[in-house]
Amino acid sequence: MSLSKPQSTSMLATSAAAPSLLNQVGMAGGAAVITVSFIHPIDVIKTRIQISPEYSKLGMGGTAGKIVSSDGVAALWNGVNAAWLREASYTSLRLGLYEPCKVAFGCTTPETTTFIKKFAAGSAAGALGSLAGNPFDVLKTKMMTAEGAGTPSLGKTAVELFKNQGIGGFYRGIDSNVMRAMVLNGTKMACYDQAKGLVVQVTGFERKSLLTTFFSAVTAGFFMTCTVAP
C-alpha cells in the first residue's frame, strides 16, 4: 500500500519528462491541421445554416445538397486554407502551451497541482491561442460563406478585408472569441488532465493507454460542451 499512494498521486502532477515546447506546439498544430481537413465540410454547412435563414430552413442535408448543386463539391472546402492557418496558430498554441502554463501557475508537484490551477493554465493557453488565430478565423468565415464560382482566394479576401475595415477587421469578435477560448480550453484541459489521473486510479490502466486517453477525452468533451454551449 505504501508504494501505490505515490504512484496514484503522481498522476495529477505535471510530468517531469514533458516534450519540449516546440514539440508540443508542433504536434498539436499538425494533428489539428490534419483533422480540420476532414471536418471542414461540416463546418462550412454549419456556418451557412447559422448565418442564413434560407439555409437554416433546409437543414444539414438540404444545405449540403444546395452547396454542391450550385457551386460543386469543392465548395464544401471553401476557406480550408484559412482553417489550416487558424489551426496551426490557435490550436497549436492552446494545446501546446498548456504544460508550460501549468508550470508557470505553480503545478510542479502533486501537492501544488490543483484543478483550479489547471483550469487557469488552460484558460491562459486558450486566450493566447485565440489572439493568434482570430485573424484566420475571420478570413475562414468570410471564405466559407462566399457563394458562386468566383470564390476569392485567401490573399484576395485578406486584402479586401484590410481595405474595407483596416487591421481592426481581422480582430472582429476578438472579445467573445477570447472568452470562449478561455472557458473551452480551461474546461477541456483541466477536466482531461484530472480525468486521466482518476481513470488510472480507478481502472488500473496505464496512463498512456489508448483506453485511458479515450475515457478521459469523453469526460472532458462532456464537460466542455456543458460550459461552452451558452
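The values are calculated or read from the model by the stated rules, or taken from the named source; none is laboratory data. Treat the numbers as computed from the prediction; the structure is a model and nothing was measured. Virtual Cβ from ideal backbone geometry, glycine too; neighbours counted across all protein chains shown. Ligands, DNA and RNA are stripped out before the accessible areas are found, and what is left, the full protein with its side chains, is counted by its heavy atoms. Shrake-Rupley method; radii C 1.70, N 1.55, O 1.52, S 1.80 Å.
Which residue out of LYS208, LYS196 is open to solvent by 60 Å² or more (accessible area, probe 1.4 Å), of a type in the set (Lys, Arg), out of contact with any strand residue (DSSP E or B) (no Cβ under 9 Å at 6 or more places or on another chain) and over 21 Å from ALA127 (Cβ atoms)?
Exactly one residue qualifies, and that residue is LYS208.
When the range 218-230 is examined, which residues are found to be among the aliphatic types (A, V, I, L, M), at pLDDT below 90 and open to solvent by 50 Å² or more (accessible area, probe 1.4 Å)?
Passing the criteria: only ALA229.
Specify the residue that is least open to solvent (accessible area, probe 1.4 Å); the eligible residues are those in the range 156-193 that are in contact with a Leu (Cβ under 9 Å, 6 or more places away or on another chain) and of a type in the set (Val, Ile, Thr).
Looking at residues that are in contact with a Leu (Cβ under 9 Å, 6 or more places away or on another chain) and of a type in the set (Val, Ile, Thr), I get THR157.
Can you tell me which residue within the range 70-119, out of those that are open to solvent by 50 Å² or more (accessible area, probe 1.4 Å), within 25 Å of MET144 (Cα to Cα) and small (Gly, Ala, Ser), is nearest to the chain's Cα centre (by Cα)?
ALA88
Could you please let me know if LYS66 is among the charged types (D, E, K, R), in a helix (DSSP H, G or I) and either modelled with pLDDT under 85 or in contact with a Leu (Cβ under 9 Å, 6 or more places away or on another chain) (or both)?
Judged against the criteria, LYS66 is a match.
Would you confirm whether or not the range 27-41 contains a residue that is assigned to a loop (DSSP other than H, G, I, E, B), buried (at least 16 other Cβ atoms within 10 Å of the Cβ) and either modelled with pLDDT of 85 or more or of a type outside the set (A, V, I, L, M, F, W, C) (or both)?
Checked against the condition, which is being assigned to a loop (DSSP other than H, G, I, E, B), buried (at least 16 other Cβ atoms within 10 Å of the Cβ) and either modelled with pLDDT of 85 or more or of a type outside the set (A, V, I, L, M, F, W, C) (or both), the range 27-41 yields no hits at all.
So which residues in the range 141-181 are within 30 Å of SER69 (Cβ to Cβ) and in a loop (DSSP other than H, G, I, E, B), if there are any at all?
THR145, ALA146, GLU147, GLY148, ALA149, GLY150, THR151, PRO152, SER153
Kindly provide the set of residues from the range 163-189 that are over 14 Å from the mean Cα position of the chain (by Cα), farther than 23 Å from ARG48 by Cα and not charged (D, E, K, R), ordered by number.
Selection gives GLY166, ILE167, GLY168.
I'd like the full set of residues that are among the aromatic types (Phe, Trp, Tyr) and not in a helix (DSSP H, G or I), limited to the range 182-230.
PHE205
Restricting to the range 82-105, name every residue that is assigned to a helix (DSSP H, G or I) and more than 14 Å from GLY133 (Cβ to Cβ).
TYR98, GLU99, PRO100, CYS101, LYS102, VAL103, ALA104
Restricting attention to the range 44-66, report how many residues are in contact with a helix residue (DSSP H, G or I) (Cβ under 7 Å, 6 or more places away or on another chain) and either crowded, with 22+ Cβ neighbours inside 10 Å or touching a residue at least 60 places away in the same chain (Cβ under 8 Å) (or both).
4
Could you identify the single residue in GLY65, GLY122, GLY126 that is over 13 Å from the mean Cα position of the chain (by Cα) and not hydrophobic (A, V, I, L, M, F, W, C)?
That would be GLY65, the only listed residue that is over 13 Å from the mean Cα position of the chain (by Cα) and not hydrophobic (A, V, I, L, M, F, W, C).
Condition first: in a loop (DSSP other than H, G, I, E, B) and touching a residue at least 60 places away in the same chain (Cβ under 8 Å). Now tell me which residues in the range 112-134 satisfy that.
THR113
What's the number of the condition GLY155 fails, among (1) under 21 Å from ALA83 (Cβ atoms); (2) touching a Ser or Thr at 6+ places or on another chain (Cβ under 9 Å)?
For GLY155, the failing item is (2).
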